[in-house]
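The values are calculated or read from the model by the stated rules, or taken from the named source; none is laboratory data. Small disclaimer: the values here were computed from a predicted structure and weren't measured. With ideal geometry, Cβ positions are generated from the backbone for all residues, glycine too; neighbour counts draw on all protein chains shown. Just the protein is used for accessible areas: all its heavy atoms, side chains included, with ligands, DNA and RNA removed. Shrake-Rupley method; radii C 1.70, N 1.55, O 1.52, S 1.80 Å.
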Amino acid sequence: MNTMENLEKQLICPICLEMFTKPVVILPCQHNLCRKCANDVFQASNPYLPTRSGSLTSGGRFRCPSCRHEVVLDRHGVYGLQRNLLVENIIDMFKQESSSSSKPAPERTEEASPMCDVHKEEKINIYCVTHGVPTCSMCKVFGDHKDCEVAPISSVYQTKKTELSDGITMMVGNNDRMQGIISQLEEACRVVEENGRRQKTLVCERFDQLYSVLEEKKKEMSQKVTVEQEEKVNYIRGLTRKYGDHLEESCKTVEMGIQTMEEPEMALFLQNTKPLLEKIAVASSTAHLDKVERGYENMDHYTVEFKREGMALRSIDFIQDEDDEDDLDEDGEAGAEEGDGAQTVSGGSAVAAASVQPPPPQQINPSPSVAKSPAST
C-alpha cells in the first residue's frame, strides 16, 4: 500500500493538486501537467493574446510551475506540446490497481472488462499485436483485424505490465543516480568553500610572515642609526666637558693676572709674573683638545630607497604553474620559498598559493669613522 501511495504522489498535477487527467502534456523541462491546467497557466500568463473558439491562434510563453523554466509555444499553444503517454498509461494502471484492491476479483473482472466499440455486445478479450490495440474476437474473425496477428490479452497484459514495471524501476534508478550527482555537486561546493577558506588563511599567514620580516628589518636598521647617534652624541658631550674645564681654568688664570696687575711692589710683581705667564701660555693652547670636523654631525649616509622593493611587493601574485617554479629554482632566486608556498587540492585543479620573492638586501652606506683631529694652537 505504501508503494501505491508513493506512486500516487508522483502522479499529482502541481496546478490542480489532483491526479493527472488525460491528456497529459510533457514540458521541455520534462515536467508534466494536465493539458487543461497547462492551458489555464498559459492563458493567465498571456491574457492579451488573441484566441479563437477557446484555442490559441499565435505563439506565447509561460513558466513551468515546478521549476520556473520558460516554456515557449508555437501557434498551436499547449496543443502543440507532446503528450506523455507513459504517464497516462501509469495512471490507467494505477486506477486499475486501485479498483482491483477495493473490489472482489470476480466482480472486478466482470465490471472492468470494456466492450468493443464496433461490436457493442462483445467484450475486449484479445490483443492485436500488429496494431498494438486490444480488440474483441469478432473483430479478429470478421472485422478490421482478421488478417492481424493476435495474442491472449492476459499474456500481453503481463508482458506490458512487466515492461512498464521495468521502465518505472529504471526511471527510479535514474532518479537515484541524479540525486547522487546532486549530492556530489553539493559536496563539491562545500569542499570548494572549505579549500577557499583554508587558502585565504594561508595567504594571510604568509603576509603576516612578510610583515614580521619587514618589522624585524626596520628594528635592525633603526638600531644601527641609534648606535652611531649615541656614539657621536657621547663623544661631543665628552669634548664639551673638556672644553668647559679648559675654559674654567682659563678664567681662573685671567683672574690671577688681573690681581697681579694690581700689585704695586715691583719685586713681588716680578716674582708672581713668571709662573703666571707660564699658566697663560698653557691656558692659551688647545693643542691637547680634539676638534669635530665639518659634517661630523651629518647622518644622511643612512638614507634608504625602497623603489625596487616596492615594485617587488606590488608584483606579488599567486603561483600560476609548475614551470614558473622550475625557472625560479634554476635562477636561484626563490627556490626556498616554493617548498612552503605551493598548495594543491585533489580533483586535478591546482590552487595557487601566495609566494613572495625577497628583494636584494638593502644597501646602506657605512657610517664614516668619528673624525678626531687635534686642534692647532
Worksheet item: Given H placed 1.01 Å from N in the peptide plane, which residues other than close sequence neighbours of Leu33 have an amide H under 5 Å from its amide H?
Response: Val25, Leu27
Item to complete: Obtain the nm distance between the two label points defined at Asp147 and Lys95 by a simple spin-label model: each point lies 7 Å from its Cα along the Cα-to-C-beta direction.
Response: 3.5 nm
Item to complete: For Ile319, list long-range residues whose amide hydrogen, built 1.01 Å from N in the peptide plane, is under 5 Å from its own amide hydrogen.
Response: Ala353, Ser355
Worksheet item: Ordering Tyr127, Tyr296 from largest to smallest accessible area (1.4 angstrom probe), what's the sequence?
Response: Tyr127, Tyr296
Worksheet item: For segment 34-41, what does the Karplus curve 6.51 cos²θ - 1.76 cosθ + 1.60, with θ = phi - 60°, yield as ³J(HN,Hα) per residue in whole Hz, taken in order and with x for Gly and Pro?
Response: 4, 4, 5, 5, 4, 5, 5, 5
Worksheet entry | Total formal charge among the other residues, if their Cβ is under 12 angstrom from that of Lys217, Lys/Arg +1 and Asp/Glu -1 | -1
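To the nearest 0.05, what FRET efficiency results for Asp166 and Lys120 with a Förster distance of 30 Å applied to their C-beta separation?
0.25
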Item to complete: Step through the table entries Lys217/Lys307; Lys242/Lys279; Lys232/Lys279; Lys252/Lys279; Lys36/Lys161; Lys95/Lys146, compare each Cα-Cα distance with 21 Å, and write down the pairs that go over it.
Response: Lys232/Lys279; Lys36/Lys161; Lys95/Lys146
Item to complete: Taking all protein chains together and a probe of 1.4 Å, list Tyr243, Tyr211 from the most accessible to the least accessible.
Response: Tyr211, Tyr243
Worksheet item: Probe 1.4 Å, all protein chains in place: accessible area of Ile236 in Å², nearest 10?
Response: 60 Å²
Practice prompt. Assuming R0 = 51 Å, can you tell me the calculated FRET efficiency for the pair Leu239 and Lys200, based on Cβ-Cβ distance, to the nearest 0.05?
Written response: 0.30
Discussion item. Can you give me the long-range amide H partners of Val150? Hydrogens built in the peptide plane at 1.01 Å from N, cutoff under 5 Å, separation of 5 or more residues or another chain.
Written reply: Val129
